[in-house]
Amino acid sequence: MPWQQKIRYLTGQPVGISFTNGQGATGVLCGVSGTKVLVIEYLYQAQFALKQYDAFMIQDINRFPPCHNQQPLY
């Protein structure tokens, strides 16, 4: 399914974004504004940034997988 069709289901979810230049980003997908995809990304300590990516730069957007191991790791 093209990423444009996934936006509705992924808004508010943690996602991984792959760009056409081979790079990537992660964060919480906030939605789309015009031709920009809005994502909140973690910076450091308690700081976050709302980033805007041009839609033409995006190759795909995928939801983070669930954590399957529910046991504590020691």
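Read the figures in this text as sums done on the coordinates, not as results from a lab. Bear in mind that the values here come from a model prediction, so they are computed numbers and not experimental data. Ideal geometry is used to build each Cβ from the backbone, glycine not excepted, and the neighbour counts take in all protein chains shown.
Laid out as a table, the results:
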quantity: Net +/- balance of residues flanking Pro2 in space, Cβ distance below 14 Å, scoring K and R +1, D and E -1; calculated: +1
quantity: Amide H within-cut-off set for Asp60, under 5 Å, with H built and near neighbours excluded; calculated: Ser18
quantity: Added length on full extension, which subtracts the Cα-Cα distance from 0.36 nm per residue, Leu43 to Gln4; calculated: 11.4 nm
quantity: Size descriptor, Kirkwood hydrodynamic radius, that averages inverse alpha-carbon separations across the chain, Å; calculated: 13.3 Å
